[in-house]
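Structure, as structure tokens:
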Amino acid sequence: MSAQDPGVARGDASPAGAVLELRGIRKSFGHQPVLRGIDLTLHPHEVIAVIGASGSGKSTLLKTVNLLEGIDDGQILVKGDDISDPRIDVDAARAKIGVVFQQFNLFPHLSVIDNVTLALRKVHGVPRAEAEETGHRLLERIGLGQFATAYPDRLSGGQQQRVAIVRAIAHTPELILLDEVTSALDPQLVGEVLDLVTELKEQGATILMTTHEMSFARHVADRIVFLHRGEIVEQGAPADLLDSPQHPALQEFLARVA
Ligand code: ADP
Ligand code: MG
């Protein structure tokens with residue numbers, strides 16, 4: 001894909017202009033604190049991988065950014081706009097973000113092209129012909145143009161996730177959230193999805209992702225953040241963090257997943 005293609009927002013030209021700024025995010029489920037004061041800034045074109053044990057709060061963190069979970073305290077700024085303000089227009093805030101979760105991303109009763117274009121048409125008001133042109137172009141780019149009129153169950157899990165990813169970027173979001181996008185896939189299908197994420201990064205996308213693929217995090221992320229019991233206890237460049245972990249919880253985690 002070229003820089004002009006739909007799908008990847010080029011971000012803010014100003015280095016100071018963060019795409020995402022999380023300030024003191026706190027979230028509990030009942031009496032259980034799940035996010036305990038998260039501060040995190042993503043700059044344009046930056047890719048951050050959040051790693052951590054199951055239950056450490058990774059998915060909840062991404063859901064708060066997409067306003068799928070409310071927060072108890074803190075602020076979420078997207079391109080400087082406080083989207084955690086209760087008066088915010090939720091649809092307008094979400095329009096700046098593209099999201100892909102672990103599984104069940106596509107609507108089974110809609111064709112592939114309708115899956116890709118539905119939000120473009122219904123949420124973003126793009127006329128059908130234009131939305132379909134964008135959709136077909138994106139499907140061609142990922143080599144799935146011939147599946148446009150097929151239903152998702154005709155596709156492999158890896159193909160479905162790639163469709164889910166191009167659907168998430170079809171409206172050229174400022175920020176892409178990817179939550180364990182490969183963890184439901186058979187091992188031989190993981191690579192094609194990771195390659196697409198790598199391609200998005202090369203085009204300049206700004207991505208906040210969670211993954212348990214440490215070698216992928218090492219190669220694609222600019223920064224890795226380790227979440228432990230709802231807190232960022234260590235972060236840094238991938239090689240530093242993965243090869244010389246300082247925090248005992250990170251040392252233990254890496255020893256387990258290695
Ligand atoms: P991770 O993605 O790192 O595995 P999650 O963010 O899914 O962690 O979960 C963090 C903690 O919050 C877990 O203890 C989980 O059981 C709990 N949790 C997540 N979602 C809910 C929910 N909707 N209601 C109650 N507890 C939840
Ligand atoms: Mg999770």
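Of the residues making up region 236-248, those that are free of Cβ contacts under 8 Å to residues at least 60 places away in the same chain and surrounded by 17 or more Cβ atoms within 10 Å (Cβ to Cβ) number 3.
Does region 42-68 hold any residues that are among the hydrophobic types (A, V, I, L, M, F, W, C) and within 15 Å of ligand 2 (Cβ to nearest atom), and which are they?
At the first step, the residues of region 42-68 found to be among the hydrophobic types (A, V, I, L, M, F, W, C) are 42, 47-51, 53, 61-62, 65, 67-68.
Answer for region 42-68, where residues must be among the hydrophobic types (A, V, I, L, M, F, W, C) and within 15 Å of ligand 2 (Cβ to nearest atom): 49, 50, 51, 53, 61, 62, 65, 68.
Using the structure shown, decide if residue 77 is within 26 Å of residue 208 (Cβ to Cβ), at pLDDT 95 or above and outside any loop (DSSP other than H, G, I, E, B).
Working: within 26 Å of residue 208 (Cβ to Cβ): yes; at pLDDT 95 or above: yes; outside any loop (DSSP other than H, G, I, E, B): yes.
In short, yes.
The values are calculated or read from the model by the stated rules, or taken from the named source; none is laboratory data. Only a predicted model underlies this, so the values are computations on that prediction, with no experimental measurement involved. Please note: Cβ atoms are built from the backbone with ideal geometry, for glycine as well, and neighbour counts cover all protein chains shown.
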